[in-house]
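*Asks:* One structure, pasted below without further comment.
The values are calculated or read from the model by the stated rules, or taken from the named source; none is laboratory data. As the structure is a computational prediction, the values presented were derived from the model and not from experiment. Ideal geometry is used to build each Cβ from the backbone, glycine not excepted, and the neighbour counts take in all protein chains shown. The protein model used for the area step is the full one, side chains on, heavy atoms only, and it has no ligands, DNA or RNA in it. Shrake-Rupley method; radii C 1.70, N 1.55, O 1.52, S 1.80 Å.
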Amino acid sequence: MPGSRHASQSEDTKRRLMNATRELVVAKGWSAASSRAIAERAGVNHALINFHFKGKTGLFRATLDRCVDQIEKQFGPWMAASSFSAYIDTCVESIPKVRQNSNFQFLLAAMLEGAHDAGIKAAVIDQTNAFRNGLRVFLTGQGLPEKDVERYATIMAAAMDGLMIHFMLDPSTDAEGALRAFEEMIDLVVRTSG
């Protein structure tokens, strides 16, 4: 049993470091998230960042992956919707939760920081590609011609990312109106691409 206790402590330390990273970045920005500040907030020795994550970039990547996993668990019905209209309905219902969700806030911060940091950029690209892959599957299931799936998955992902940024930064954004307009545009594309 000593090995399982050590593994449990190790997982607890990783979780605390990732939580501290998310909290610091969301509250104060990337520049405030030094290794020492993260470790201090997590209540651990800063050397554990290198031990568990091979450095701060590894910790940021693991935190981003964890945030996206949490987003998918909480908001997973988006990709499980039976139609694009149901997809948009689920998005509209989720808007109030999204605006207050620290995982989304961290994802937004990572998307913006990726323009300046190659390690974060690579992690954001991985997550963006995974999202687009889910959209490809969804669009294929909606009957979109194969020749159009890649193009529309890319534009949908970009539009959803842009809408998320607007929703998070400007609470006065008419999120439901924007999503309904997006629904109308995609519906038009699907009807005319056959």
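*Asks:* Given the residues 68, 124, which is the only one that is buried (at least 17 other Cβ atoms within 10 Å of the Cβ), in contact with a Gly (Cβ under 7 Å, 6 or more places away or on another chain) and closer than 24 Å to residue 14 by Cα?
*Replies:* It is 124.
*Asks:* Search the stretch 152-172 for residues that are more than 16 Å from residue 127 (Cβ to Cβ) and open to solvent by 50 Å² or more (accessible area, probe 1.4 Å) and pair each with any residue that is among the polar types (S, T, N, Q) and at pLDDT 85 or above when their beta-carbon atoms are under 7 Å apart and the residues are at least 6 apart or on different chains.
*Replies:* Sorted first by the residue in the stretch 152-172, then by its partner, the pairs are 166/173.
*Asks:* May I ask you to verify whether residue 153 is under 23 Å from residue 20 (Cα atoms), modelled with pLDDT of 85 or more and among the small types (Gly, Ala, Ser)?
*Replies:* no
*Asks:* Residues in the stretch 127-147 that are surrounded by 15 or more Cβ atoms within 10 Å (Cβ to Cβ), assigned to a helix (DSSP H, G or I) and not small (Gly, Ala, Ser): how many?
*Replies:* The first filter runs over the stretch 127-147 and keeps only residues surrounded by 15 or more Cβ atoms within 10 Å (Cβ to Cβ), leaving 127-128, 131-132, 134-136, 138-139, 142, 144.
Retained after the next criterion (residues that are assigned to a helix (DSSP H, G or I)): 127-128, 131-132, 134-136, 138-139.
Those still in the list that are not small (Gly, Ala, Ser) too: 127-128, 131-132, 135-136, 138-139.
Residues meeting the conditions: 8.
*Asks:* Select from the stretch 28-56 the residues that are open to solvent by 70 Å² or more (accessible area, probe 1.4 Å) and assigned to a helix (DSSP H, G or I) and write down the one among them that is nearest to residue 15 (Cα to Cα).
*Replies:* Checking each candidate, the answer is 41.
*Asks:* Scan the stretch 123-136 and report the pairs whose first residue is free of Cβ contacts under 8 Å to residues at least 40 places away in the same chain and whose second residue is of a type outside the set (Ser, Thr, Tyr) and open to solvent by 50 Å² or more (accessible area, probe 1.4 Å), with Cβ atoms within less than 7 Å and a gap of 6+ or a chain change.
*Replies:* Pairs that qualify, where the first residue is free of Cβ contacts under 8 Å to residues at least 40 places away in the same chain and the partner is of a type outside the set (Ser, Thr, Tyr) and open to solvent by 50 Å² or more (accessible area, probe 1.4 Å), are 136/150.
*Asks:* Let me ask another. Return the residue satisfying two criteria in turn: it lies in the stretch 128-159 and is within 17 Å of residue 87 (Cα to Cα) and among the hydroxyl-bearing types (Ser, Thr, Tyr), and of such residues it is nearest to the chain's Cα centre (by Cα).
*Replies:* The extreme case among them is 154.
*Asks:* Moving on. Out of the stretch 173-194, which residues are over 23 Å from residue 129 (Cα atoms), open to solvent by 70 Å² or more (accessible area, probe 1.4 Å) and of a type in the set (A, V, I, L, M)?
*Replies:* The one that is over 23 Å from residue 129 (Cα atoms), open to solvent by 70 Å² or more (accessible area, probe 1.4 Å) and of a type in the set (A, V, I, L, M): 188.
*Asks:* Oh, and also: Across the stretch 166-194, which residue is modelled with the lowest pLDDT among those that are assigned to a helix (DSSP H, G or I) and β-branched (Val, Ile, Thr)?
*Replies:* 190
Here's the yes/no breakdown for (1) open to solvent by less than 70 Å² (accessible area, probe 1.4 Å); (2) among the aromatic types (Phe, Trp, Tyr); (3) in contact with a helix residue (DSSP H, G or I) (Cβ under 9 Å, 6 or more places away or on another chain):
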{"site": "73", "(1), (2), (3)": "no, no, no"}
{"site": "80", "(1), (2), (3)": "no, no, yes"}
{"site": "97", "(1), (2), (3)": "no, no, yes"}
{"site": "102", "(1), (2), (3)": "yes, no, yes"}
{"site": "112", "(1), (2), (3)": "no, no, yes"}
